[in-house]
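First comes the structure, then the notes that go with it.
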Amino acid sequence: MDADALVVGAGLAGLVAANELADAGRSVVLLDQESEENLGGQAWWSFGGLFLVDSPEQRRMGIKDNLDLAWQDWEGTAGWDRDEDFWPRQWGRAYVEWAAGEKREWLRQYGISFFPVVGWAERGDGRAGGHGNSVPRFHIPWGTGTGVVSPFIERVREHIRGGRIIYRPRHRVDALVTTGGAVTGVRGSVLAEDRSARGVASNRDVVGDFEFAAPAVLVTSGGIGGNHDLVRANWPERLGAAPEHMITGVPAYVDGRMLAITEEAGGTVINRDRMWHYVEGINNWDPVWPQHAIRILPGPSSLWFDGNGDRLPPPNFPGFDTLGTLSHLRTTGHDHSWFVTNRTLVGKEFALSGSEQNLDLTDRSYRDIARRPITAVQPSMQAFLDHGIDFVQATTLRELVTKMNELTPDAPVDFAHIERQVLERDRQVENAFTKDAQVAAIHVARQYRGDKLTKRAFPPHRILDPKRGPLVAVRLNILTRKSLGGLQTNLDSQVIGADGEPVKGLYAAGEVAGFGGGGVHGYRSLEGTFVGGCLFSGRAAGRAAAREAR
């Protein structure tokens, strides 16, 4: 045996698992097909939001939350309805209890703290027991995703220096080795050195091979979001036809290879058709990886039109129901949709997902953060207004629609049809009473102090108000992101085989395991639960494998 455990994948779940093993005195070989520049994986690029329940940050914002309400929201969002959902449901309950209990203090041990204003993501489908967060729960860590990943990277480096972890980048696992029904190692290909910057697609030139043996193998290799062929192959009928055109919210190395490799070794993959993709994707004007996409995190005020120019029906408002909106848009015959808004709303209500798009938070620049409420448009957002291929601006609505049609000549929208719908909405903001559900939702959002402080829900006003201009239209694309299904695991992160029993020596964590159990989210996510799912399942896998290795 070369070590007590092998960890396949050096993303966040893999780092957490490796640290848990090494902290327990176990020897670890950490393998990854990418270079050391990519240590930490895709979580490095994330906004890093974390789902917490009844936190001090919530209480300071006047938010009343508790375990029962959070579990009601999680169950209503997950919608588990399959026999194979037994372990995902157990994971879901365990995760919500962790989020309401130990999670925040455990993170603080790694120096992770939070921005004081709690965000309200996935506001729901309008039903008390349905999808969505009843209250704000999206906690933004200081340092964003980079700030969450960095402490675990540093801890891994300490273990490397101490000899407890052997790190092997550019080692691509091609097979799991089995002996007598147990997984006892891995073998694969050594890839040529590639010093490309973090996130840039690297070469796949094979220069050698390797094999390592250990009594425990932990698969933490991520999902399928960088592999559009796999996304389309697993696309569910309930979401309509798979899009012909998608852009990519994760680096190219998120390729899903280890799912099939682990299946060949006896592991079971469940819920392949459950996935999480955003509909507010824009092409990065300064891309890092191929088809690099950024998601707009919108406030509730912009008008949303499909590719035919029809305003989206309730509850498909910006920031409310990601997959509900995706499902609706797949019935329209187009792979794109539109925000029609104005510069004021872009400046106040649009945020961009990603650590590199929020450098004030990522770099913990309190001076720059303090400028946010008084800055007309954030610099990262202004760069998209200036250079983004999905943005058009105009002083009149007719000019704006003309530019929209120049951007999508194969799917023109009718000016009179757009104008009528915009005017109908604008007439609803003349007083505090309204029958427009989206305008009513703005009034509800503004009752939350956090949205008012950060201007994430701006006072209702006419989209066509010239003082708020110029007008802005944004072509929105489908952005691939997360696998919600994956390798089925029990609460010790042991991979379940076809016979319903754990495969000896085999563990999985992170997105490759559906963030726990093969689908901790069920059909939908409450947000702030992907990075957190990597932390929770990676910790469980590392601790369980460490106990088994005693």
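Label sites at Glu406 and Val207, each approximated as a point 7 angstrom past Cα along Cα to Cβ, lie 4.9 nm apart.
Of all lysines in the structure, the ones whose alpha carbon falls short of 18 Å from that of Lys452, not counting any fewer than 8 places away in one chain, are Lys64, Lys348.
Averaging the Cα positions of each part gives two centres, and for the range 328-377 and the range 444-488 these lie 7 Å apart. Across the chain, the mean sequence separation of Cα contacts (distance under 8 Å, 6 or more residues apart), normalised by length, yields a relative contact order of 23 percent. With all protein chains in place and ligands, DNA and RNA left out, the 1.4 Å accessible area ranks Lys403, Lys504, Lys482, Lys103 as Lys504, Lys403, Lys482, Lys103, largest first.
Rounded to whole numbers, the Karplus 3J(HN,Hα) couplings from phi for the range 282-299 are 10, 5, 5, 5, 10, x, 9, 10, x, 6, 4, 10, 10, 9, 7, 9, x, x Hz, using 6.51 cos²θ - 1.76 cosθ + 1.60 with θ = phi - 60°, and x at Gly and Pro. Computed from backbone phi with θ = phi - 60° and the Karplus coefficients 6.51, -1.76 and 1.60, the 3J(HN,Hα) list for the range 85-92 is 7, 4, 5, x, 5, 4, 5, x Hz; x is used for glycine and proline. The residues of the chain expose, per residue, 37 Å² of accessible area to a 1.4 Å probe. Accessible surface of the range 1-92, 1.4 Å probe: 45 percent of it comes from carbon and sulfur atoms. Short-range pairs are left out: with C-alpha atoms under 8 Å and at least six residues apart, the relative contact order of the range 1-113 is 21 percent.
The values are calculated or read from the model by the stated rules, or taken from the named source; none is laboratory data. The structure presented is a predicted model; accordingly, all values stated were derived computationally and were not measured. Please note: Cβ atoms are built from the backbone with ideal geometry, for glycine as well, and neighbour counts cover all protein chains shown. Ligands, DNA and RNA are stripped out before the accessible areas are found, and what is left, the full protein with its side chains, is counted by its heavy atoms. Shrake-Rupley method; radii C 1.70, N 1.55, O 1.52, S 1.80 Å.
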